[in-house]
1. Given the conditions (1) within 30 Å of Asn139 (Cα to Cα); (2) touching a Phe, Trp or Tyr at 6+ places or on another chain (Cβ under 8 Å); (3) of a type in the set (Val, Ile, Thr), and given that Val82 satisfies all but one, which numbered condition is not satisfied?
2. Look at segment 228-255 and say how many of its residues are more than 26 Å from Leu20 (Cα to Cα) and modelled with pLDDT of 85 or more.
3. Could you check how many residues of segment 59-85 are within 19 Å of the chain's Cα centre (by Cα) and within 13 Å of Ala214 (Cα to Cα)?
4. Would you call Thr30 surrounded by fewer than 19 Cβ atoms within 10 Å (Cβ to Cβ), of a type in the set (S, T, N, Q) and either without any contact (Cβ under 8 Å) to a residue 12 or more places away in the chain or over 21 Å from Met217 (Cα atoms) (or both)?
5. Of the residues Val185, Val112, Val175, Val149, which is over 23 Å from Val22 (Cα atoms) and exposed (fewer than 15 other Cβ atoms within 10 Å of the Cβ)?
Amino acid sequence: MAPIHHFDHGLITPVVSYVLSVLGSMLGLTCAVRFRTAAGRGERIWWLVLGSVSIGGTAIWSMHFVAMMGFAVVGTPIRYDVGLTAASALLAVIAVGVGLAIALLGKGAQNVRIITGGVVAGLGVAGMHYTGMAAMKLNGEVTYGMTRVGLSIGIAVVAAAVALWLAVTVRRPLVIFAAALVMGVAVNGMHFTGMTAMSVETHPSSGQLPGATASGMLVPIGLAVVLGIIGLAYALMSAPTEEDRAATAYLAQRREEAAALAQRREAAAGPGTTMGGGGLSSGSWTYRDRSQR
């Protein structure tokens with residue numbers, strides 16, 4: 001069996017992957033809060049999609065990709081199938097989206113919805129991980145220890161259920177931040193548990209491996225992640241909050257009350273009474289200000 005290095009570039013890849021998972025979790029949980037206070041169905045679906053991209057795309061898949069940058073097998077180069085890599089990203093977003101929809105939109109007891117959504121999302125996340133691993137091409141045969149594979153799937157399901165419970169319950173910014181820190185640990189724990197299940201037996205080969213290098217995909221994927229995070233942050237900052245809606249409703253109510261008061265005053269003044277010309281005229285009598293006499 002060939003030696004495997006999970007931190008080939010030192011601590012930079014696990015640190016960056018953890019930061020990405022925490023950031024994506026924070027954005028996703030904030031989207032879930034906006035979902036619960038959304039005004040209409042269209043707005044709720046919008047926040048559901050953004051939450052799926054935040055958690056599935058940033059917190060989970062981006063973390064997976066960055067962690068793979070530090071993965072190396074002694075004795076063989078590594079290439080990645082671009083199509084399978086893209087499919088793994090799409091699978092993560094869809095799986096998290098379905099799990100969120102079950103937990104937030106489903107019918108029945110809340111705990112049952114959270115567990116059901118957690119199982120669906122967790123299996124999807126595990127599928128994302130091993131699809132991403134299947135995209136890896138190297139000169140050798142890859143095998144997996146099934147005990148650790150099962151453990152990684154269990155961690156994914158539990159982590160997904162906890163994430164959905166947090167998405168349904170948390171609201172305050174400090175709690176969201178603490179929850180994101182925990183979610184980051186769970187996501188990274190699932191990834192590296194699955195990676196330790198892997199063994200490689202290399203064999204010599206003179207042919208060129210098909211696919212792209214991890215460094216070659218870094219620029220387009222990195223740009224997509226950065227632009228996605230900026231877009232998500234802008235959507236959260238520009239969208240009205242529950243407090244904004246309450247303030248708008250209060251101002252609208254005050255305007256209606258002012259208009260109604262003006263109408264009552266006009267009605268009380270009588271139909272033959274008008275204001276203008278510096279005085280108040282009614283019939284043949286004219287009342288003027290003392291200063292105009």
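1. (2)
2. Counting residues in segment 228-255 that are more than 26 Å from Leu20 (Cα to Cα) and modelled with pLDDT of 85 or more gives 0.
3. First, pick out the residues of segment 59-85 that are within 19 Å of the chain's Cα centre (by Cα): 59-66.
Cutting the leftovers down to within 13 Å of Ala214 (Cα to Cα) gives us 62, 64-66.
Here the count works out to 4.
4. Values: surrounded by fewer than 19 Cβ atoms within 10 Å (Cβ to Cβ): no; of a type in the set (S, T, N, Q): yes; either without any contact (Cβ under 8 Å) to a residue 12 or more places away in the chain or over 21 Å from Met217 (Cα atoms) (or both): yes.
Taking the combined requirement at face value, the residue does not satisfy it.
5. Working: Val185 fails: over 23 Å from Val22 (Cα atoms); Val175 fails: over 23 Å from Val22 (Cα atoms); Val149 fails: exposed (fewer than 15 other Cβ atoms within 10 Å of the Cβ).
Residue meeting the stated conditions: Val112.
The values are calculated or read from the model by the stated rules, or taken from the named source; none is laboratory data. Just so we're clear, the structure is a prediction, and the values are computed from it rather than from any experiment. So basically every Cβ, Gly included, is an ideal-geometry build from the backbone, and we count neighbours across all protein chains shown.
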